[in-house]
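Undergrad: The structure follows.
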Amino acid sequence: MKWGTKYGPEYVNRLHAMVRRHLRGDFRFVCLTDDPRGIRPEVQCLPIPPLDLPAGIPERGWTKLATFSADLHGLRGTALFLDLDVVIVAGLDAFFEHPGEFLIIHDYKRPWRVTGNSSVYRFELGAHPEVLEHFRAHFAEVRSAFRNEQSYLSDFMHGKGRLAYWPPGWCRSFKYHSIPAWPSNYWRAPCVPQEARIMIFHGECNPPDALAGRRNRRFRFIRPAGWVAEHWRE
């Protein structure tokens with residue numbers, strides 16, 4: 001999904017290219033967006049179903065819940081949702097083969113909670129419309145109880161007995177698993193952890209920042225992660 005101006009079309013195009021390199025066989029690559037300009041023709045661009053949220057509320061990823069529409073532009077089949085700013089570094093076939101009705105990344109920081117990280121999740125299109133129906137009918141309550149979309153989504157699926165997590169090594173955090181611990185971050189570059197298939201960028205860096213050796217917090221130095229250029233490209 002791409003909405004607003006934070007990410008340009010190059011994020012969509014590079015994500016498509018990474019999927020093409022790491023997924024065997026045919027697939028359909030769909031981008032739900034409010035602006036298809038600059039996106040490659042191999043990508044099917046479709047409008048984002050409106051959620052009709054109140055104006056001026058903080059953006060907490062609620063728009064992602066539109067993927068659970070009962071009829072998402074007539075799409076059917078198994079969907080693997082990928083955030084725009086992930087970097088795919090190894091094969092994706094296993095993400096479609098791993099057993100489970102709904103799979104998501106387990107929270108990195110507080111693994112004792114049910115909360116997942118929704119940078120990568122898999123589901124059957126049209127199979128869980130109650131996720132969105134409940135959100136629309138109880139938006140004030142949901143927003144009061146949950147900070148963001150992934151907290152609500154994880155809790156809802158857990159309550160239905162459908163929540164499962166990816167194997168821990170598959171989706172690794174650039175922030176927690178790639179950047180060397182202080183003080184070795186001053187002479188060692190961020191790495192790709194063993195077993196990693198998708199690197200998740202959340203909190204501090206996006207792929208171009210990691211490639212340039214930038215962080216958005218003072219006194220937190222990182223060296224350039226050269227491997228990003230190898231993977232994050234068309």
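No value in this document is a laboratory result; all are computed from the given coordinates. Note that the structure is predicted; figures quoted are calculated from it, not measured. Because the Cβ atoms are built from the backbone with ideal geometry, glycine has one as well, and the counts that use them run over all protein chains shown.
Undergrad: Contact order normalised by length for the stretch 171-231, with contacts defined as Cα pairs under 8 Å and 6 or more residues apart; what percent is it?
TA: Computed value for the stretch 171-231: 34 percent relative contact order.
Undergrad: Within the stretch 78-110, what residues put their amide N at less than 19 Å from the label point 7 Å along the Cα-to-Cβ vector of His158?
TA: Within reach of a label on His158, which here means backbone N under 19 Å from a point 7 Å along Cα→Cβ, the stretch 78-110 contributes 100-110.
Undergrad: What relative contact order, as a whole-number percentage, does the stretch 1-102 give when Cα pairs under 8 Å and 6 or more residues apart are counted? Spell out each step's value before the answer.
TA: Details: 87 pairs, mean separation 35.7, N = 102.
For the stretch 1-102, the relative contact order is 35 percent.
Undergrad: A further question on this structure: Remind me, relative contact order of the chain in percent, using alpha carbon pairs under 8 angstrom and six or more residues apart?
TA: So the answer I get is 21 percent.
Undergrad: Kirkwood hydrodynamic radius, the chain, all distinct C-alpha pairs: what's the number in Å? Walk me through the numbers on the way to the answer.
TA: Details: mean 1/r = 0.0536 Å⁻¹.
Final number for the Kirkwood radius of the chain is 18.7 Å.
Undergrad: In a GNM of the chain with a 10 Å cut-off on Cα contacts, which of Ala137, Ala90, Ala127 has the highest mean-square fluctuation?
TA: For the chain, modelled as a Gaussian network with Cα springs under 10 Å, the answer is Ala137.
Undergrad: Compare the peptides 209-215, 76-82 by average per-residue count of other Cβ atoms within 10 angstrom and give them in order, highest first. If you can, show how the numbers build up before the last one.
TA: Numbers: 209-215: 17.7, 76-82: 14.6.
Listed from highest to lowest mean packing, they are 209-215, 76-82.
Undergrad: Would you pull out the residues with amide H under 5 Å of Gly213's amide H, same chain only if 5 or more places away, H placed 1.01 Å from N?
TA: Correct list: Ala225.
Undergrad: Hey, another quick one. What Kirkwood radius, in Å to one decimal, follows from the Cα pairs of the stretch 171-231? Write down the numbers at each step before the final one.
TA: Values: mean 1/r = 0.0875 Å⁻¹.
Over the stretch 171-231, the inverse of the mean reciprocal pair distance is 11.4 Å.
Undergrad: Can you give me the Cα centroid spacing of the stretch 1-69 and the stretch 187-215 in angstrom?
TA: Between the Cα centres of the stretch 1-69 and the stretch 187-215 lies a distance of 22 Å.
Undergrad: Okay, next question. If I model a spin label as a point 7 Å beyond the Cα along the Cα-Cβ vector, how far apart are those points for Arg233 and Gln194 in nm?
TA: Calculated label separation equals 2.7 nm.
Undergrad: Pick from Val12, Val43, Val86: which residue has the top mean-square fluctuation in a GNM of the chain where Cα pairs under 10 Å get a spring?
TA: Val43
Undergrad: Still on this structure, I have one more. Could you give the length gained by full extension between Ala127 and Arg217, i.e. 0.36 nm per residue of separation minus their alpha carbon distance, to one decimal place?
TA: Working: separation 90, 0.36 × 90 = 32.40 nm, distance 4.08 nm.
The span from Ala127 to Arg217 would gain 28.3 nm if fully extended.
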